[in-house]
Amino acid sequence: MEEKRIAVLSVIVEKRESAEQLNSYLSAYGEYIVGRMGIPYREKGVSVLCIILDAPVSVTNALTGKIGQLDGVTAKTLFSQY
């Protein structure tokens, strides 16, 4: 089994229409999510999310890739060393 690593997934949602699919992905990967914070930045018309994961790298990369393919959504991940 692949070793788990802590990661921070940062997401910026510029098209609100993508939020439902984004939440569906997060729900599907819920067993790996340690915590989540979402901030709507109404003045700019975007939402910013920070998701902390404890998952195998392949799982985190799969989630990041799916989220990043959503229209109007940007996703980047930062991994811990361990």
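The values are calculated or read from the model by the stated rules, or taken from the named source; none is laboratory data. Predicted model, so just to flag it, every value in this text is computed and none were measured. For neighbour counting, all protein chains shown are included, and Cβ atoms are generated from backbone atoms with ideal geometry for every residue, glycine included. The protein model used for the area step is the full one, side chains on, heavy atoms only, and it has no ligands, DNA or RNA in it. Shrake-Rupley method; radii C 1.70, N 1.55, O 1.52, S 1.80 Å.
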*Give segment 12-52 a look and list any residue that's under 12 Å from LEU63 (Cα atoms) and of a type in the set (Phe, Trp, Tyr), or say none.*
TYR25, TYR29, TYR32
*asked:* Pairs please, first residue from segment 65-79 and of a type in the set (Lys, Arg), second anywhere and in a helix (DSSP H, G or I), Cβ atoms under 6 Å, 6+ apart in sequence or on different chains.
replied: LYS66/TYR25
*Check GLU2, GLU14, GLU43 and return the single one that is in contact with a Pro (Cβ under 6 Å, 6 or more places away or on another chain) and surrounded by fewer than 16 Cβ atoms within 10 Å (Cβ to Cβ).*
GLU2
_Test set (1) open to solvent by less than 40 Å² (accessible area, probe 1.4 Å); (2) within 12 Å of the chain's Cα centre (by Cα) - SER24 fails condition number_ = (1)
_Need pairs with beta-carbon distance below 9 Å; first residue of a type in the set (D, E, K, R) and within segment 26-53, second in a strand (DSSP E or B); sequence gap 6+ or separate chains._
GLU31/ALA55; ARG36/LEU49; ARG36/CYS50; ARG36/ILE51; ARG36/ILE52
